[in-house]
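A short write-up of the structure that comes next.
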Amino acid sequence: MTESSAFCTRLRALDVCAVSDALDALGLPASVAGLKPLSVQRKIAGAAVTVKLGTTPPSEHKRHLGTA
């Protein structure tokens, strides 16, 4: 396994919200510029969920908002 594929394997195991928060905390951009599609034939689609935020008492839950 190459160093790059090992990194990708480790990254896939992480929650995307946690990765985004870590990038924000480090002051790094949370997106990659210059990506090009592999094919114009492929479409990407998935489920979307609307989240309404409100105030609640503090919780001991450590799960990030919007994650299943």
Filtered residues of the stretch 1-47 (kept if loosely packed, with under 10 Cβ neighbours inside 10 Å and among the small types (Gly, Ala, Ser)): 4, 5, 13, 25, 27, 31, 33, 34, 39, 45, 46, 47
List the pairs whose first member sits in the stretch 6-32 and is farther than 16 Å from residue 62 by Cα, whose second member is part of a helix (DSSP H, G or I) and polar (S, T, N, Q), and whose Cβ atoms are under 9 Å apart, counting only residues at least 6 apart or on separate chains? 30/20
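Read the figures in this text as sums done on the coordinates, not as results from a lab. Everything numeric in this text was worked out from a predicted model, so none of it was measured. Note: ideal-geometry Cβ built from the backbone for every residue, glycine included; neighbour counts use all protein chains shown.
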